[in-house]
Amino acid sequence: MPSQRIRFSYRPGIAAHRFTNVHLVGSWDDAGRPAAAWSSKPMTPATDPDGCPCFDAEVDYDATEIGTTFQWGVRLDGPAGQGVWGIAAEVDDEASTERVRSFVLNAAAPTQIYYLTQLRRLGAAKVPVTGASPGLQVSVWAPNARAVELVMADPAHGYVADDGAGTVRSAPMSRAEPGIWRVGPENPALADFSAAVGAPYMFRITKDDGSVAYRTDMYSLMQIGQGDADPAGKAYTGPASALEGPQSCSVVCDPDVVWLDTATEPASTFWTDEFDPQRQLPKQLQDLVIYELHVGALGFGKATPGTLDDAIGLLDHLSELGVNAVELLPIAEFENIANWGYGTAQFMAIDQAAGGTDKLKRFVKACHQRGIAVILDVCYNHFDPNADRAEWMYDSNDPVHNIYLWYEGVPSDYAAPDGGYLNNQSTGFAPRYSEEMVRQMFISSAAFFVEVCHIDGFRLDQTSSIHEYNQRNADGQPVGRANAFGVKFLKQWTRTMRLLRPGLFLTAEDYSNWPAMTAPSLEGDGVGFDATWYGDFQHHIVQSPGYAELIKQAGFGDNRGLRMDFFAGALAASANGKVVYAESHDDCGNGSGTARTIVMAVNGAPLLGETRRWAEARVRFAAGMALLSAGAPMFFMGEEIGAQKPYRYDTFLANREDIIGDANGVGANLFAYFKALIRLSIDNPAIRSRNIDVAYSDNDNRVIAFHRWDSDSEYLVVGCLADAAFASGYWLHTDRLGGFGWTEVFNSDGAAYGGSNVGNAGRTVQTVNGAINLVLPAAGLVVFRRS
């Protein structure tokens, strides 16, 4: 009987061998006819055209079935387990969550390919050449373009103007597959990859209307320039180092080597001493104590922003402090080096002003050698509004064909052409989440940081903007389809990360309280994050109108009643997959009325003498609530030394703090406190468990108490924000006190922390008739272990 043979290929797109025992499964029987019970067939390990491991299989179909739609997928063994479903993307239907691939059998018999990532499929990649050294292959997605050329620039200047000035040579690119243009080693100029490393390049794109534009590579591993110079399309003869990355040329890089200060080293050698067996990395989210770090705000005493070298220089301080995870604010290439980095333009290139991608590798390695995990903050909810040489109008001037951005309808639907773009409460228009190639740019960038830079986890910026807030720019009407595809994107992203490395720490800035955010995605229909940021916790513990605002209200110094019961709910909810904090970059510097906690604690009064003593005491309370809660605790750089200067996205350079110096000076008491409390938190599994019972609150006396426990031990934490100590005792009743004795093991009012030593002197206090009489310090907390 006549048959039609179809070839299938599963392409992870990464250089490492991650998967084995890969099986093709599909909606056909052994005779190649439709079947309700799917068949399974082993796939053969192979190498894809980009030089990465892949898996292939062929199936013969009954030729009488031409015109029939078949579905398929793969099951595989890998880091996530055995027999795991290997398709991360859902079907292109907002009403369906199926993860299958479909095709219609026809005489053309095209190969059916699934790309898990597209790391080496796009961009400037090293590819194997039979009988020769590796060559350079450059590929770009430009589906609307009439023509595309690879343009090489003078490395001394690193810029190509709108009229082509700065070009030193060019090579025409051909349509290699739908939407993708490519040129490779068949061009003599690209035959030797090693000779091309370091070369700056751009794409000269003839758009669908015949106009010409120069665009950067969205899969670029480096953008030339460490400054803020934007030639605005004019001829440029200045130094390449002065350029701003999003407007300058992309650069050919070799991800298999690491650039050191004066030489290179193979990545395989560089990473050999990455870990110290005596200083293990944390393994699960509840083990983390996170230090949020803005690299640019380092470099105290310098005129320029901080760099990854400054971050490496901070690591001894962080090791002494005892944190086991550092979360970096975004440092992928962004607009203007003196800002927070949330206007990302290139998603795989670390900003050169910060030190570049290879310096990130050195930072990660230095962290790992100290037992510190590295979490990278990434921004997928908008593009840089000024990235007119990057994503904006990449290959068409028609908003409908603005390939990276979501556009509803056609321009004639609106009074202004930009009416169809989507706002989502971020600082730019929403990406086109319905387009697989847009999703893949974000997914592949994360895979790059995991595979090549050894990043341990991610924090996704404002995910509510991706799955909930999308609305038309013209009239603010919600766009449900964009929200639905935003969900699909987030699930595809987390599934891909779990397939590659299931132990990654995946957190999201998400205030929707949507339970699906932390439900499993790889073997379920959740969104797949480990935890979400818990903004309500900060609002209750420090300040935000409509919340308890404990620290702010205590700062009035009039002993007014506090909403301890209001905060109790947030404290209890910390067990539900939350990252908790008293400070973050947003909450201490991204809005009117925001300030560092130590400033808020005394309502802006000068931090001198007794005022500072009270301020530090309240900071100790706030930090203790976070570190002893059931969430994953995080604090912001400088919190541990009482950083007090205004911190803003646009003025941080003028307000940097001497973190290391203050740890040995004015901030020494707080630093000692954080060290001791972090050690208590990390060393006690009961405190790092998710078990919490907020058993008591007293608004008038400003007292709150909660229990933490595991199968071996139990702790009672009692916090007091009163303006006077309960030196003669405070009677406390909770259902868990039982008839036990409770031994004081920690007191925030210790003299070593700048306190007055008001407490229980480490003694065991016995429960009497279900109650216990405890000495409580003013503005402090005490921790007891059940005897």
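See the values below:
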{"quantity": "Asp475 of a type in the set (Asp, Glu), touching a residue at least 12 places away in the same chain (Cβ under 8 Å) and either assigned to a helix (DSSP H, G or I) or touching a Cys at 6+ places or on another chain (Cβ under 7 Å) (or both)", "calculated": "no"}
{"quantity": "Residue match in the range 294-303 (condition: in a helix (DSSP H, G or I), open to solvent by 20 Å² or more (accessible area, probe 1.4 Å) and in contact (Cβ under 8 Å) with a residue 12 or more places away in the chain)", "calculated": "no"}
{"quantity": "Selection within the range 481-524 - of a type in the set (D, E, K, R) and within 15 Å of Ile443 (Cα to Cα)", "calculated": "Lys488, Lys491, Arg495, Arg498, Arg501"}
{"quantity": "Close pairs (6 angstrom Cβ cut-off, 6 or more residues apart or separate chains): without any contact (Cβ under 8 Å) to a residue 40 or more places away in the chain in the range 561-579, part of a helix (DSSP H, G or I) anywhere", "calculated": "Ala570/Asp536; Ala570/Phe537; Ala570/His540"}
{"quantity": "Among the residues listed as Arg679, Arg648, the single one being over 14 Å from Ala582 (Cα atoms), at pLDDT below 95 and open to solvent by 40 Å² or more (accessible area, probe 1.4 Å)", "calculated": "Arg648"}
{"quantity": "Which listed residue, of Ser396, Ser426, is small (Gly, Ala, Ser) and closer than 28 Å to Ser512 by Cα", "calculated": "Ser426"}
{"quantity": "Qualifying strands (runs of 3 or more DSSP E) (wholly inside the range 146-231; at least 2 residues being modelled with pLDDT of 95 or more, open to solvent by 20 Å² or more (accessible area, probe 1.4 Å) and not basic (Lys, Arg))", "calculated": "147-153, 167-177"}
{"quantity": "Test: residue in the range 46-53 that is among the small types (Gly, Ala, Ser), surrounded by fewer than 20 Cβ atoms within 10 Å (Cβ to Cβ) and at pLDDT 95 or above", "calculated": "yes"}
{"quantity": "Residue among Gln4, Gln82, Gln71 that alone is loosely packed, with under 14 Cβ neighbours inside 10 Å and either part of a strand (DSSP E or B) or of a type in the set (D, E, K, R) (or both)", "calculated": "Gln82"}
{"quantity": "Count of the range 495-518 residues which are touching a strand residue (DSSP E or B) at 6+ places or on another chain (Cβ under 6 Å), surrounded by 24 or more Cβ atoms within 10 Å (Cβ to Cβ) and not hydrophobic (A, V, I, L, M, F, W, C)", "calculated": "2"}
{"quantity": "Selection from the range 126-141 of residues that are surrounded by fewer than 24 Cβ atoms within 10 Å (Cβ to Cβ) and of a type in the set (A, V, I, L, M)", "calculated": "Val127, Val129, Ala132"}
{"quantity": "Given (1) under 25 Å from Tyr219 (Cα atoms); (2) under 27 Å from the mean Cα position of the chain (by Cα); (3) part of a loop (DSSP other than H, G, I, E, B), index of the condition Ser139 fails", "calculated": "(3)"}
{"quantity": "Qualifying positions in the range 559-581 - under 12 Å from Ala705 (Cα atoms) and touching a Lys or Arg at 6+ places or on another chain (Cβ under 7 Å)", "calculated": "Met564"}
{"quantity": "Scope the range 720-769; condition assigned to a strand (DSSP E or B) and of a type in the set (Phe, Trp, Tyr); matching residues", "calculated": "Phe726, Tyr730, Trp731, Trp742, Phe746"}
{"quantity": "Checking Ala727 against (1) open to solvent by 10 Å² or more (accessible area, probe 1.4 Å); (2) within 26 Å of Val323 (Cα to Cα); (3) not acidic (Asp, Glu), the condition it does not meet", "calculated": "(2)"}
{"quantity": "The range 252-297, residues that are of a type in the set (Val, Ile, Thr), at pLDDT 95 or above and closer than 16 Å to Met222 by Cβ", "calculated": "Val252, Val257, Val258"}
{"quantity": "Residue count for the range 251-293, restricted to those that are in contact (Cβ under 8 Å) with a residue 24 or more places away in the chain, among the charged types (D, E, K, R) and either open to solvent by less than 60 Å² (accessible area, probe 1.4 Å) or within 16 Å of Asp358 (Cα to Cα) (or both)", "calculated": "6"}
{"quantity": "Some residue of the range 370-377 being under 25 Å from Ala232 (Cβ atoms) and buried (at least 19 other Cβ atoms within 10 Å of the Cβ)", "calculated": "no"}
{"quantity": "Set Leu562, Leu571: member being assigned to a helix (DSSP H, G or I), in contact with a helix residue (DSSP H, G or I) (Cβ under 8 Å, 6 or more places away or on another chain), hydrophobic (A, V, I, L, M, F, W, C) and buried (at least 24 other Cβ atoms within 10 Å of the Cβ)", "calculated": "Leu571"}
{"quantity": "Subset of the range 98-136 (residues that are assigned to a loop (DSSP other than H, G, I, E, B), polar (S, T, N, Q) and in contact with a helix residue (DSSP H, G or I) (Cβ under 8 Å, 6 or more places away or on another chain))", "calculated": "Thr117, Gln118"}
{"quantity": "Residue in the range 699-709 that is over 30 Å from Arg279 (Cβ atoms), in contact with a Pro (Cβ under 9 Å, 6 or more places away or on another chain) and either of a type in the set (D, E, K, R) or open to solvent by 40 Å² or more (accessible area, probe 1.4 Å) (or both) present", "calculated": "no"}
{"quantity": "Any pair with Cβ under 6 angstrom, 6 or more apart, that starts in the range 399-416 at a residue that is farther than 25 Å from Ile205 by Cβ and ends at one that is open to solvent by less than 40 Å² (accessible area, probe 1.4 Å) and aromatic (Phe, Trp, Tyr)", "calculated": "none"}
{"quantity": "Residues being buried (at least 17 other Cβ atoms within 10 Å of the Cβ) and within 40 Å of the chain's Cα centre (by Cα) - total across the range 21-37", "calculated": "6"}
{"quantity": "Given (1) out of contact with any helix residue (DSSP H, G or I) (no Cβ under 6 Å at 6 or more places or on another chain); (2) part of a loop (DSSP other than H, G, I, E, B); (3) open to solvent by 30 Å² or more (accessible area, probe 1.4 Å), index of the condition Gly13 fails", "calculated": "(3)"}
{"quantity": "Considering residues of the range 427-438 that are aliphatic (A, V, I, L, M) and within 25 Å of Trp340 (Cβ to Cβ) only, the residue surrounded by the most Cβ atoms within 10 Å (Cβ to Cβ)", "calculated": "Ala430"}
{"quantity": "Test for Ser756: is it over 24 Å from Ile372 (Cα atoms) and out of contact with any Leu (no Cβ under 8 Å at 6 or more places or on another chain)", "calculated": "yes"}
{"quantity": "Wholly within the range 625-704, helices (runs of 4 or more DSSP H) carrying at least 2 residues that are within 26 Å of Thr518 (Cβ to Cβ) and free of Cβ contacts under 8 Å to residues at least 60 places away in the same chain", "calculated": "685-688"}
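Let's see how each residue does on (1) crowded, with 22+ Cβ neighbours inside 10 Å; (2) acidic (Asp, Glu); (3) touching a Gly at 6+ places or on another chain (Cβ under 7 Å):
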position: Ala390; (1), (2), (3): yes, no, no
position: Pro399; (1), (2), (3): no, no, yes
position: Val410; (1), (2), (3): no, no, no
position: Pro417; (1), (2), (3): no, no, no
position: Gly420; (1), (2), (3): yes, no, yes
position: Gln425; (1), (2), (3): no, no, no
position: Gln440; (1), (2), (3): yes, no, no
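The values are calculated or read from the model by the stated rules, or taken from the named source; none is laboratory data. Please read all numbers here as calculations on a predicted model, not as lab measurements. With ideal geometry, Cβ positions are generated from the backbone for all residues, glycine too; neighbour counts draw on all protein chains shown. For the accessible areas, the whole protein counts, side chains as well, though only heavy atoms, and no ligand, DNA or RNA atoms are used. Shrake-Rupley method; radii C 1.70, N 1.55, O 1.52, S 1.80 Å.
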